């Protein structure tokens, strides 16, 4: 399949914000935060919990606003405008992370929460653009390519950081904390350069009729959707399954480096593991798209959920570096695929003219679920003093998602 110019613009936005995803959310800021918090006298278990709570609080804000924001974006030419409204503050505040004094760990959490709001809100409008750039038949491949290119972009942004890390701050120009702050600048600049085509030229093909008061009309449309929710049984039951299994995916993604540090994995090895995961995720995201075309989106999604359920159960025996590598590779094989195919599966179900409104519900469940997972890991970790048991506790979420998704056709036919 040959992608159009609009599809490439959409795909490269995933490439653009992947620098933030890997450097800020996953690899560098969690480790940097734990180092700063430790220096301030915060215990390892508490710093892991605080990181989880910060992720939860940031996503809560977007979760509460997502349906209304989505409805507002369905009017003509509104998606690109709202994408810019959320993306630019996130970029600026990511740069701001580099300006926070290294002893101020609370301010690091506050700025991180604000960047998460901008990043997550922007992704709502980015996701809903999928229905504008691809037909139902194209969505699995376009969505999977977006995730795959996102991982590849993340690898390249990560390599820039690793160059600073392995050369000891480019020959001493940066100290340890300076290297971390440099990575935040890289993430922001990466976002600007590669996100610019969609931010500047994103084209909205479908929309609801223009009105004089979009805010009032958005509330009316949301109320109408809730009143007629029985019309959307397949969408509703899929979102319930999605709520559970994507919670586990997002939580493992955001908590991985903290778990590694708790196991005693040194920073250099941890960065190498994350790089390998990104490299593996690139081809496997594309492979999931191919697998969905050869079988079905549903079969491919079920496969991904089962892999993640095994990951959680294996975490109970996570004691060695080999075990950590093994689970990291497994995560890399399925992380992009399950996210990409969930997005395209949902995009094929929703009314195209109201895609942002429905992706608002998709995001509210995805983001709200991301509040539950880190809290579960944080509470279980503090209770048991073992972060591996915290990760294993996520098996209940994947199990519930798997059961609901398995019986989805029967639920819809009732």
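The values are calculated or read from the model by the stated rules, or taken from the named source; none is laboratory data. Quantities reported herein were computed from a predicted structural model and do not represent experimental measurements. Using ideal geometry, Cβ is built from the backbone for each residue, glycine included, and neighbour counts are taken over all protein chains shown.
Across region 196-223, the number of residues qualifying as under 14 Å from residue 67 (Cα atoms) and either surrounded by 11 or more Cβ atoms within 10 Å (Cβ to Cβ) or in contact (Cβ under 8 Å) with a residue 40 or more places away in the chain (or both) comes to 8.
When residue 264 is tested against the conditions (1) at positive phi; (2) modelled with pLDDT of 85 or more, the lone failure is (2).
Of all the numbered requirements in (1) under 19 Å from residue 274 (Cβ atoms); (2) surrounded by 15 or more Cβ atoms within 10 Å (Cβ to Cβ), residue 301 misses one, and that requirement is (1).
Please note which helices (runs of 4 or more DSSP H) are completely contained in region 32-150 and include at least 2 residues that are more than 18 Å from residue 357 (Cα to Cα).
By residue number, 44-72, 78-97, 105-128.
Against the numbered list (1) free of Cβ contacts under 8 Å to residues at least 12 places away in the same chain; (2) within 30 Å of residue 386 (Cβ to Cβ), residue 154 comes up short only at (1). Tell me which residues, restricted to region 2-46, are in contact with a helix residue (DSSP H, G or I) (Cβ under 6 Å, 6 or more places away or on another chain), over 18 Å from residue 115 (Cα atoms) and at pLDDT 80 or above. Within region 2-46, 6, 7, 9, 10, 11, 12, 34, 36, 37 meet the criteria. A single entry from 286, 279, 318, 275 fulfils the requirement of being more than 23 Å from residue 19 (Cβ to Cβ) and in contact (Cβ under 8 Å) with a residue 40 or more places away in the chain: 318. Evaluate region 325-340: report whether one residue or more is under 19 Å from residue 137 (Cβ atoms) and under 14 Å from the mean Cα position of the chain (by Cα). Yes: region 325-340 contains one or more residues that are under 19 Å from residue 137 (Cβ atoms) and under 14 Å from the mean Cα position of the chain (by Cα).
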